[in-house]
Amino acid sequence: MFRRSAVALSAVWFALATAAPLAADSETAFQALYEKEWQFRLQQYPELAASLGDKDAERRLTDWSEAAIKTRVEFLQQVARELDQIDATTLSDSSRINYRIFADQIRNGIADYALGGYLMPFTSDTQFWADHARSGDYVQCAPIANCERYLDRLEQLPRQFDQLTALMRQGLKKGLSVPQVVLTGRDASIEKHIVSDATESAFYVPFKQLPDSLDAASQAAIRARAVAVISEKVVPAYQALLQFMRSEYLQRARKSIAASKLPQGKAYYAAEIYEYTTLELSADAIHQIGLDEVQRIRAEMDAIRTEVGFEGDLKAFFQHLRSDPQFYPKTDRELLNEAAYFSKKIDGKLPQYFGVLPRQPYGVAPVPADIAPTYTTGRYVGSNDPKQAGFYWVNTSKLDQRPLWAIPALTLHEAVPGHHLQNALASEQGEQPPFRRYSYISAYGEGWGLYSEKLGVEMGIYETPYQQFGRLVYEMWRAARLVVDTGMHAKGWSRDKALAFMRDNTALSEHEITTEIDRYISWPGQALAYKLGEIKIRELRAQAEQKLADKFDLRAFHDHVLALGSVPLTVLEAEVNRWVQQQLQQPTTPVAQASR
């Protein structure tokens, strides 16, 4: 079935999509619809299916042909029509949450196709060619069938690169491209994988250590196939992509940075705001929230500047933190050790603040070298595979731009109790439908990450005033995002104005500031999720503390928020309010609470 042509698949899935729901009951009809859509999703996106254990899907890559895209668009549109026929008010409480999340996924998917987002298939932060280059990191040739499937997938790389190149060419013709100003140096991460010796390729990593159970002849055969596939398929695909990027894309990419200047630009930016914040907020409203937060955080920063006895003003203090060598690691290992130390310190505190902890562990690792020079300072990389750990990535490139005072806040956000704790728990919510369990809503997820940074104060994680200042730098960074993202994409700000705003209000290094601004330029709206989500979580906690008084249990609050999985902020608010009412109806048991 997985090898059928795109035309045949289109006919099959469109027939499924257009079939009227057989059940009159809204609950049954809704479940049938989202289960049908999930199966379609797994078929259309084999990388997703493979991450959930489908071995056959490991052989395939997503089809980005015109026929495949048409199939997806028609299917999503039909799903939207069927959703409209279901009366959500008649659904159970849990199904109403599912309905809202599912409806948003369909809405966002349709908008991406309708407004042309799919014609810009990379950002300055994430690139499909770099993702592929890391695909072998988790492949183990025991059994050898794992590597045979991996090579089957690599043989399709030229086809997919050609398809994505065709989409980018369409985008250029329509004025839909990643802005030219953020493309400098991006071609280096493609060129890195054009090697003359296939055994030195990142794609060859799984074949360097084969299982002892495999006889010598079989080992030689699989390695010979790997060399052939990398030399004859993978390297030429990267060569063709590099040629396209250098001869066409870099030269013809749009000069403007504002999303609102794209075709249908205002609608596009509004759709991006909604996707990443889950709120119906205007760019002007978000911009003002950001300005207000910046002013508040500056006052807290100034108090720490005074506490440490620095005689200059806040701008001078920023420069001191950016430039004094005492604040910077001398080696990769020093930076990784600092991240590992705070990871384990936080691990030891978790049971005091959370009643439910995930089974999946996490590790600390450097950002891959091919992307590190233009990558953000840190990232959490999760896995749906129970045999794999999550990873807290720390960027060890440009060590003079990686301040140690930022590590506690970064660790709280990216590892625990931030993204690892949140994502691992979400993937273990077996009672939730998979479209919800494996989804990620940025406003909730990034809001939780930023909330976790401040929770670190209560947990006793920060050890010096400089580390506390680092937390405020990171909070200011997220507040400033509200200002610069809306400024550049809706209010006519130049890149230089956005850079200056970040310099004036954060102690981030110049490299980090430039990398971040370029990220916001090429990924409109995503940067808005963090602060708006954190504001909502802290607001809900404050309301719960006020209403529950002695009945408020912080561990229970955290467990409830995380048990929801990734949800829109309006759903989070409704569910926390419902939880508060349930707690009010429970008898007070102060002894039991204390024992927890």
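Go through (1) among the small types (G, A, S); (2) in a helix (DSSP H, G or I); (3) open to solvent by less than 40 Å² (accessible area, probe 1.4 Å) one by one and return the number of the condition G348 breaks. (3) is the only condition that G348 fails.
Can you go through P368, P361 and tell me which one is within 15 Å of A130 (Cα to Cα) and more than 13 Å from the chain's Cα centre (by Cα)?
Details: P361 fails: within 15 Å of A130 (Cα to Cα).
P368 is the lone residue from the list that is within 15 Å of A130 (Cα to Cα) and more than 13 Å from the chain's Cα centre (by Cα).
Anything in the stretch 271-303 that is farther than 17 Å from S260 by Cα and open to solvent by less than 20 Å² (accessible area, probe 1.4 Å)? List them, or say none. Across the stretch 271-303, the qualifying residues are T277, T278, G290, V294, I297, M301. Annotation: of all residues in the stretch 426-445 being in a loop (DSSP other than H, G, I, E, B) and in contact (Cβ under 8 Å) with a residue 60 or more places away in the chain, the one that is nearest to E573 (Cα to Cα) is I441.
Considering the stretch 55-99, the residues that are part of a loop (DSSP other than H, G, I, E, B), farther than 27 Å from A29 by Cβ and not polar (S, T, N, Q) include one that is farthest from the chain's Cα centre (by Cα), namely K55. Which residues, counting only those in the stretch 354-388, are open to solvent by 30 Å² or more (accessible area, probe 1.4 Å), of a type in the set (A, V, I, L, M, F, W, C) and farther than 21 Å from A188 by Cα? Scanning the stretch 354-388 gives V356, L357, V364, V381. Summed over the stretch 119-147, residues that are under 11 Å from P206 (Cα atoms), open to solvent by 10 Å² or more (accessible area, probe 1.4 Å) and in a helix (DSSP H, G or I) total 4. Whenever a residue of the stretch 378-398 is touching a residue at least 40 places away in the same chain (Cβ under 8 Å), its partners that are assigned to a loop (DSSP other than H, G, I, E, B), lying with C-beta atoms within less than 6 angstrom and at least six residues away or across chains, give the pairs N384/L52; Y392/A415. Within the stretch 233-246, none of the residues are open to solvent by 50 Å² or more (accessible area, probe 1.4 Å) and farther than 30 Å from L176 by Cα. Taking the conditions exactly as written (more than 20 Å from Q526 (Cα to Cα), among the charged types (D, E, K, R) and buried (at least 19 other Cβ atoms within 10 Å of the Cβ)), does R481 satisfy them or not? When the stated conditions are applied, R481 does not pass them.
Among the residues making up the stretch 148-184, those that are within 24 Å of the chain's Cα centre (by Cα) and either among the small types (G, A, S) or surrounded by fewer than 15 Cβ atoms within 10 Å (Cβ to Cβ) (or both) are G171, S177, T184.
Please pick out the residue among V195, V227, V234 that is part of a helix (DSSP H, G or I) and more than 28 Å from the chain's Cα centre (by Cα).
V227
The values are calculated or read from the model by the stated rules, or taken from the named source; none is laboratory data. Model, not experiment: these values are computed from the prediction. Because the Cβ atoms are built from the backbone with ideal geometry, glycine has one as well, and the counts that use them run over all protein chains shown. For accessibility, only protein heavy atoms count, side chains too; no ligands or nucleic acids. Shrake-Rupley method; radii C 1.70, N 1.55, O 1.52, S 1.80 Å.
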